[in-house]
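Student: One structure, as C-alpha coordinates, below. Some questions next.
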Amino acid sequence: MLRFWKERFKTGIVTENPEIDKELEEIKKNLKDKVKKLFAGSLAIRMVDSGSCNACEAECNALSNPYYDLERLGIHFVASPRHADILLVSGVMTANMYHHVWDAYNQVPSPKWVITLGDCAKDLGVFEKTYAIKGVDLPVDYHIPGCPPTPKDIMQGLIEFLKKIEINKEK
(Lines give C-alpha, C1' and ligand atoms only; values in the text may rest on other atoms or scores of the structure.)
Protein backbone atom coordinates (compact mmCIF):
# COMPACT_ATOMS: atom_id res chain seq x y z
CA MET A 1 0.00 0.00 0.00
CA LEU A 2 2.82 2.39 0.84
CA ARG A 3 4.37 1.70 -2.57
CA PHE A 4 1.08 2.69 -4.25
CA TRP A 5 0.96 6.08 -2.50
CA LYS A 6 4.62 6.79 -3.20
CA GLU A 7 4.04 6.20 -6.92
CA ARG A 8 0.85 8.24 -6.83
CA PHE A 9 2.51 11.32 -5.33
CA LYS A 10 5.60 10.97 -7.50
CA THR A 11 3.55 11.35 -10.69
CA GLY A 12 2.40 14.92 -9.94
CA ILE A 13 -0.30 16.79 -11.79
CA VAL A 14 -1.07 15.31 -15.20
CA THR A 15 -3.52 17.87 -16.60
CA GLU A 16 -2.66 20.23 -19.40
CA ASN A 17 -2.49 23.97 -19.02
CA PRO A 18 -5.54 25.58 -20.64
CA GLU A 19 -5.02 27.48 -23.86
CA ILE A 20 -5.78 31.17 -23.54
CA ASP A 21 -8.35 32.36 -26.06
CA LYS A 22 -6.88 35.68 -27.27
CA GLU A 23 -10.13 36.70 -28.97
CA LEU A 24 -12.11 36.14 -25.78
CA GLU A 25 -9.58 38.11 -23.73
CA GLU A 26 -9.91 41.02 -26.18
CA ILE A 27 -13.72 40.86 -25.96
CA LYS A 28 -13.51 40.88 -22.15
CA LYS A 29 -11.17 43.88 -22.18
CA ASN A 30 -13.42 45.85 -24.55
CA LEU A 31 -16.54 44.97 -22.57
CA LYS A 32 -14.97 45.99 -19.27
CA ASP A 33 -13.80 49.30 -20.75
CA LYS A 34 -17.25 50.09 -22.18
CA VAL A 35 -19.01 49.26 -18.91
CA LYS A 36 -16.54 51.36 -16.96
CA LYS A 37 -16.97 54.33 -19.30
CA LEU A 38 -20.75 54.26 -19.75
CA PHE A 39 -22.04 52.82 -16.46
CA ALA A 40 -19.33 53.81 -13.96
CA GLY A 41 -18.13 50.21 -13.86
CA SER A 42 -21.41 48.48 -12.98
CA LEU A 43 -24.02 47.28 -15.47
CA ALA A 44 -27.10 45.50 -14.11
CA ILE A 45 -29.06 43.14 -16.37
CA ARG A 46 -32.44 41.59 -15.64
CA MET A 47 -32.98 38.50 -17.76
CA VAL A 48 -36.53 37.41 -18.50
CA ASP A 49 -37.43 34.13 -20.17
CA SER A 50 -40.67 34.88 -21.95
CA GLY A 51 -41.18 31.30 -23.13
CA SER A 52 -38.38 29.36 -24.78
CA CYS A 53 -36.56 26.04 -24.87
CA ASN A 54 -34.11 27.40 -22.22
CA ALA A 55 -31.04 27.09 -24.44
CA CYS A 56 -30.47 30.87 -24.36
CA GLU A 57 -30.79 30.82 -20.58
CA ALA A 58 -28.20 28.05 -20.35
CA GLU A 59 -25.78 30.13 -22.42
CA CYS A 60 -26.42 33.17 -20.21
CA ASN A 61 -25.80 31.07 -17.12
CA ALA A 62 -22.44 30.11 -18.62
CA LEU A 63 -21.51 33.80 -18.57
CA SER A 64 -21.31 33.57 -14.78
CA ASN A 65 -18.88 30.64 -14.70
CA PRO A 66 -15.16 31.22 -14.02
CA TYR A 67 -14.22 30.96 -17.71
CA TYR A 68 -16.30 33.97 -18.84
CA ASP A 69 -16.82 35.62 -15.41
CA LEU A 70 -18.99 38.63 -16.28
CA GLU A 71 -19.00 39.76 -12.64
CA ARG A 72 -15.30 40.53 -12.94
CA LEU A 73 -16.10 42.79 -15.89
CA GLY A 74 -18.65 44.81 -13.91
CA ILE A 75 -21.75 43.13 -15.35
CA HIS A 76 -24.16 41.35 -13.06
CA PHE A 77 -27.58 39.79 -13.34
CA VAL A 78 -30.14 41.17 -10.89
CA ALA A 79 -33.30 39.61 -9.49
CA SER A 80 -35.42 42.74 -9.60
CA PRO A 81 -36.10 44.82 -12.71
CA ARG A 82 -36.05 47.88 -10.43
CA HIS A 83 -32.29 47.46 -10.11
CA ALA A 84 -31.66 46.83 -13.81
CA ASP A 85 -30.20 49.00 -16.55
CA ILE A 86 -31.03 46.52 -19.31
CA LEU A 87 -33.90 44.08 -19.75
CA LEU A 88 -32.62 40.98 -21.58
CA VAL A 89 -35.56 39.07 -23.06
CA SER A 90 -35.29 35.56 -24.47
CA GLY A 91 -38.02 33.44 -25.94
CA VAL A 92 -41.14 34.09 -27.96
CA MET A 93 -43.32 35.79 -25.33
CA THR A 94 -46.13 33.37 -24.68
CA ALA A 95 -49.61 34.47 -23.70
CA ASN A 96 -48.90 33.42 -20.10
CA MET A 97 -45.76 35.56 -19.88
CA TYR A 98 -47.02 38.59 -21.80
CA HIS A 99 -48.14 40.66 -18.78
CA HIS A 100 -45.19 39.57 -16.64
CA VAL A 101 -42.69 40.76 -19.25
CA TRP A 102 -44.50 44.08 -19.60
CA ASP A 103 -44.56 44.45 -15.80
CA ALA A 104 -40.81 43.86 -15.72
CA TYR A 105 -40.31 46.39 -18.53
CA ASN A 106 -42.37 49.02 -16.70
CA GLN A 107 -40.37 48.49 -13.50
CA VAL A 108 -36.98 49.11 -15.12
CA PRO A 109 -35.95 52.70 -14.31
CA SER A 110 -35.26 55.16 -17.12
CA PRO A 111 -33.20 55.22 -19.21
CA LYS A 112 -34.12 51.63 -20.00
CA TRP A 113 -33.00 49.42 -22.82
CA VAL A 114 -34.34 46.12 -24.11
CA ILE A 115 -32.13 43.52 -25.74
CA THR A 116 -33.66 40.39 -27.22
CA LEU A 117 -31.65 37.20 -27.16
CA GLY A 118 -31.86 34.35 -29.65
CA ASP A 119 -33.69 33.76 -32.90
CA CYS A 120 -36.99 32.89 -31.19
CA ALA A 121 -37.31 36.40 -29.77
CA LYS A 122 -36.97 37.92 -33.23
CA ASP A 123 -38.82 35.62 -35.64
CA LEU A 124 -40.44 33.04 -33.28
CA GLY A 125 -38.07 30.28 -34.45
CA VAL A 126 -39.48 26.77 -34.14
CA PHE A 127 -42.47 28.07 -32.15
CA GLU A 128 -43.87 30.06 -35.08
CA LYS A 129 -47.09 28.12 -35.58
CA THR A 130 -48.05 27.55 -31.94
CA TYR A 131 -51.32 28.91 -30.65
CA ALA A 132 -49.98 30.33 -27.37
CA ILE A 133 -47.51 32.80 -28.87
CA LYS A 134 -47.90 36.58 -28.63
CA GLY A 135 -44.47 37.57 -29.97
CA VAL A 136 -42.13 40.14 -28.45
CA ASP A 137 -43.76 43.54 -28.91
CA LEU A 138 -41.56 45.52 -26.54
CA PRO A 139 -39.58 48.47 -27.90
CA VAL A 140 -36.41 46.51 -28.68
CA ASP A 141 -33.14 48.44 -28.80
CA TYR A 142 -30.85 45.60 -29.88
CA HIS A 143 -31.02 41.95 -30.88
CA ILE A 144 -28.37 39.27 -30.30
CA PRO A 145 -28.92 36.54 -32.93
CA GLY A 146 -28.24 32.83 -32.65
CA CYS A 147 -29.99 29.60 -31.73
CA PRO A 148 -28.70 29.73 -29.07
CA PRO A 149 -26.07 32.45 -29.15
CA THR A 150 -22.82 31.34 -27.53
CA PRO A 151 -21.54 33.19 -24.46
CA LYS A 152 -18.91 34.79 -26.69
CA ASP A 153 -21.68 35.96 -29.09
CA ILE A 154 -23.62 37.42 -26.17
CA MET A 155 -20.57 39.30 -24.93
CA GLN A 156 -19.84 40.58 -28.45
CA GLY A 157 -23.49 41.63 -28.78
CA LEU A 158 -23.27 43.56 -25.52
CA ILE A 159 -20.18 45.36 -26.84
CA GLU A 160 -22.01 46.32 -30.04
CA PHE A 161 -25.00 47.53 -28.04
CA LEU A 162 -22.78 49.59 -25.72
CA LYS A 163 -21.10 51.14 -28.78
CA LYS A 164 -24.56 52.16 -29.97
CA ILE A 165 -25.29 53.79 -26.60
CA GLU A 166 -21.92 55.54 -26.68
CA ILE A 167 -22.62 57.01 -30.12
CA ASN A 168 -26.06 58.23 -28.98
CA LYS A 169 -24.55 59.86 -25.86
CA GLU A 170 -22.02 61.75 -27.98
CA LYS A 171 -24.73 63.30 -30.16
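Student: Scan segment 2-10 and give yes if some residue there is within 20 Å of residue 165 (Cα to Cα), at pLDDT below 90 and surrounded by fewer than 18 Cβ atoms within 10 Å (Cβ to Cβ), otherwise no.
Tutor: There is no residue in segment 2-10 that is within 20 Å of residue 165 (Cα to Cα), at pLDDT below 90 and surrounded by fewer than 18 Cβ atoms within 10 Å (Cβ to Cβ).
Student: Ok, one more. Of all residues in segment 113-162, which are assigned to a strand (DSSP E or B) and aromatic (Phe, Trp, Tyr)?
Tutor: 113, 142
Student: I would also like to ask the following. Could you figure out which of (1) surrounded by fewer than 18 Cβ atoms within 10 Å (Cβ to Cβ); (2) under 19 Å from residue 30 (Cβ atoms); (3) touching a residue at least 60 places away in the same chain (Cβ under 8 Å) isn't true of residue 76?
Tutor: Of everything listed in (1) surrounded by fewer than 18 Cβ atoms within 10 Å (Cβ to Cβ); (2) under 19 Å from residue 30 (Cβ atoms); (3) touching a residue at least 60 places away in the same chain (Cβ under 8 Å), residue 76 misses just condition (3).
Student: Return yes when residue 92 is under 30 Å from residue 127 (Cβ atoms) and in contact with a Cys (Cβ under 6 Å, 6 or more places away or on another chain) and no when it is not.
Tutor: Taking the combined requirement at face value, the residue satisfies it.
Student: Anything in segment 79-95 that is charged (D, E, K, R) and either in a strand (DSSP E or B) or in contact (Cβ under 8 Å) with a residue 60 or more places away in the chain (or both)? List them, or say none.
Tutor: Those that are charged (D, E, K, R) and either in a strand (DSSP E or B) or in contact (Cβ under 8 Å) with a residue 60 or more places away in the chain (or both): none in segment 79-95.
Student: So which of 64, 42 ends up being exposed (fewer than 12 other Cβ atoms within 10 Å of the Cβ) and among the polar types (S, T, N, Q)?
Tutor: None of the other options fit; the residue is 42.
Student: Quick check: anything in segment 60-72 of a type in the set (D, E, K, R) and not in a loop (DSSP other than H, G, I, E, B)?
Tutor: There is at least one residue in segment 60-72 that is of a type in the set (D, E, K, R) and not in a loop (DSSP other than H, G, I, E, B).
The values are calculated or read from the model by the stated rules, or taken from the named source; none is laboratory data. What you are looking at is a predicted structure, and each value in this text was computed from that prediction instead of being measured. Backbone-built Cβ (ideal geometry, glycine too); neighbour counts: all protein chains shown.
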